[in-house]
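Heads up: the structure comes next, in structure tokens.
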Amino acid sequence: MEPREKEQMEVSTGMKVCRVIGIVLVVAAIGYIIWKGDYDHKGLVGYVDDFMVFMAAFTFAHGSFQKPERRYIRRQFYMLSSLFALLALCWVIMLAFIK
């Protein structure tokens, strides 16, 4: 008996675009962490926004690099990315009003 070979789905053009966007977002998030113009207050409070921005970009990129057969897992990563992006936005707004 020969082992069955699983047919793998091809990566669509949309997924290739999402992969490029994911890589660009991760590089931009690293640039945001290095950038001195963001709201880095003293202590841990100033670094939470950096973490949230990086995790939003990383989970989006990680979801983009999932196999095409794993749609459910990809959607979960995209939802996590959206959650981290929303938390980062709320945190940056909060830091803008702290003196």
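The values are calculated or read from the model by the stated rules, or taken from the named source; none is laboratory data. Just so we're clear, the structure is a prediction, and the values are computed from it rather than from any experiment. Surface areas here come from the heavy atoms of the whole protein model, side chains and all, with no ligands, DNA or RNA. Shrake-Rupley method; radii C 1.70, N 1.55, O 1.52, S 1.80 Å.
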Query raised in the report: Under a GNM of the chain (C-alpha, springs under 10 Å), which listed residue has the highest mean-square fluctuation: L44, L89, L80?
Result: L44
Report summary line: Taking Cα atoms, the helix 13-34 axis meets the longest principal axis of the chain at an angle in degrees (rounded to 10) of 30
Query - Answer label for mean projected area of the Cα convex hull in nm² (calculated), chosen among [x] 8.2; [y] 6.6; [z] 7.2 - result: [x]
Query raised in the report: Sorted by accessible area (1.4 Å probe), largest first, how do W35, W91 line up?
Result: W35, W91
Query raised in the report: What do you reckon, how do R75, R19 stack up by accessible area (1.4 Å probe), largest on top?
Result: R75, R19
